[in-house]
Amino acid sequence: MIEGKLQNDDVSLLCSDGLSGKVSAHNIELVLARSAETLSGKVDCLIQQALEVGGDDNITLILLEVCA
């Protein structure tokens with residue numbers, strides 16, 4: 001179980017090690033912080049980064065954005 005308070009415009013990421021094992025936490029944070037980019041664009045960017053560094057495992061992720 002994951003607990004915590006979310007606020008408007010918060011973005012939460014759930015992912016497999018196919019992403020977190022290939023892309024650094026810093027680079028993931030940079031992508032997620034891009035305010036002008038859509039969620040779909042962020043997903044595409046993260047998958048592309050994992051593939052570029054040899055994504056040989058499944059790359060699974062879910063992005064959730066809080067909108068009030």
Next item on the list: Identify the residue in region 22-68 that is charged (D, E, K, R) and closer than 21 Å to Asp9 by Cβ and, among all such residues, is surrounded by the fewest Cβ atoms within 10 Å (Cβ to Cβ).
Entry: Glu29
Notebook entry, point to check: Which of the residues spanning region 8-59 are of a type in the set (Ser, Thr, Tyr) and not in a helix (DSSP H, G or I)?
Noted result: Ser12, Ser16, Ser24, Ser35, Thr38
Next item on the list: Just give me the residues in region 1-21 being more than 26 Å from Ala68 (Cβ to Cβ) and exposed (fewer than 13 other Cβ atoms within 10 Å of the Cβ), in sequence order.
Entry: Asp17
Item checked: Unmet requirement for Glu37, which otherwise passes all of (1) over 14 Å from the mean Cα position of the chain (by Cα); (2) at pLDDT below 90 -> (1)
Check: Within the set of pairs 6 or more residues apart or between chains, which connect a residue that is free of Cβ contacts under 8 Å to residues at least 40 places away in the same chain inside region 22-44 to a residue that is surrounded by 14 or more Cβ atoms within 10 Å (Cβ to Cβ) and of a type in the set (Gly, Ala, Ser) with Cβ atoms less than 7 Å apart?
Finding: Lys22/Ala50; Lys22/Gly55; Val23/Ala50
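The values are calculated or read from the model by the stated rules, or taken from the named source; none is laboratory data. Not measured: the values here are computed from a predicted model. Virtual Cβ from ideal backbone geometry, glycine too; neighbours counted across all protein chains shown.
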